[in-house]
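A short write-up of the structure that comes next.
The values are calculated or read from the model by the stated rules, or taken from the named source; none is laboratory data. Predicted model only: the values in this text are computed from it and were never measured. Cβ coordinates were reconstructed from backbone atoms using ideal geometry, including for glycine residues, and neighbour counts include every protein chain displayed. We work out accessible area using only protein heavy atoms, side chains counted, and drop any ligands, DNA or RNA first. Shrake-Rupley method; radii C 1.70, N 1.55, O 1.52, S 1.80 Å.
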Amino acid sequence: MSRIGRSPIAVPSGVTVTIEGSTVKVSGPLGNLQRALPHPITARQADGAVTVERPTDSAPNRSLHGLSRTLVANMVTGVTTGFRRELELVGVGYRASLQGADLQLSLGYSHPIRISPPPGVRIEVPEPTRVAVSGNDKEAVGQLAARIRATRRPEPYKGKGVRYRGEVVRRKAGKSGKGAKG
């Protein structure tokens, strides 16, 4: 049996979990989330905890078991503490600013890049070279952060671009010769 899938999910006080068929609804101080579990997987709530169960030990059911448990656990975490991804802009003249709720990036292109967040996700710019994406849905926060990073990925020679905070960019050596002889 899956070690991840069989561990129960503790439901903290102030969070309510409602299970209707294959749909799990979680509501808490930071909002409401809802997700339909894959077909053979079921969820059960008892003693202040949610457990996810699978019908058989077939390979597809085993893989969906751990996935479903993690998705429900992320929903509980999202409505209690939320999720946050931070990005850094590295490069001369690279900066970010907020235009209402939209993010405007100047990344060395001939035009500024404007990104609108989906509902439930917030963008903050604490410094012109830092961007923070936060919200209660881990999938939506990660997707928006990846979309922002994809506007100008870090390049390996000078390290310029948009990177996750703490991301290590492997650097390459430039040209080794000073000039051609001959």
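Observations
- FRET efficiency estimate (nearest 0.05) - Cβ-Cβ, ALA36 to SER106, R0 35 angstrom: 0.30
- Full-extension gain in nm, ILE19 to ALA150, via 0.36 nm per residue minus C-alpha separation: 43.5 nm
- Computed over every Cα-Cα pair of the range 27-97 and binned at 5 Å starting from 0, the pair-distance distribution P(r) comes out as 3, 13, 19, 16, 13, 10, 8, 6, 5, 4, 2, 0 percent.
- Lysines whose Cα lies under 29 Å from that of LYS175, excluding same-chain neighbours fewer than 8 positions away: LYS158, LYS160
- Using the Cβ-Cβ distance between LYS172 and GLU86 with R0 set to 35 Å, the FRET efficiency from 1/(1 + (r/R0)^6) comes to roughly 0.85.
- Inter-part distance where the range 1-39 and the range 130-170 are each reduced to a Cα centre, Å: 28 Å
- Helix 59-80 and the longest principal axis of the C-alpha atoms of the chain enclose an angle of approximately 80°.
- Over the chain, DSSP H runs of length four or greater, each weighted -39,500 (n - 2.57), average out per residue to a 222 nm ellipticity of -7000 deg cm²/dmol.
- Our coupling estimate for the range 19-29, obtained by passing each phi through the Karplus curve with A = 6.51, B = -1.76, C = 1.60 and θ = phi - 60°, is 10, 10, x, 9, 9, 10, 10, 10, 10, x, x Hz, Gly and Pro reported as x.
- Accessible carbon and sulfur surface of the chain relative to its total accessible area, %, 1.4 Å: 51 percent
- Degrees, to the nearest 10: 138-150 long Cα axis against longest axis of the chain: 10 degrees
- Highest average packing first - 109-118, 46-55, 138-147, Cβ atoms within 10 Å: 138-147, 46-55, 109-118
- Taking amide H atoms as placed 1.01 Å from N in the peptide plane, the amide H of ARG152 lies under 5 Å from those of VAL162, each 5 or more residues away in sequence or on another chain.
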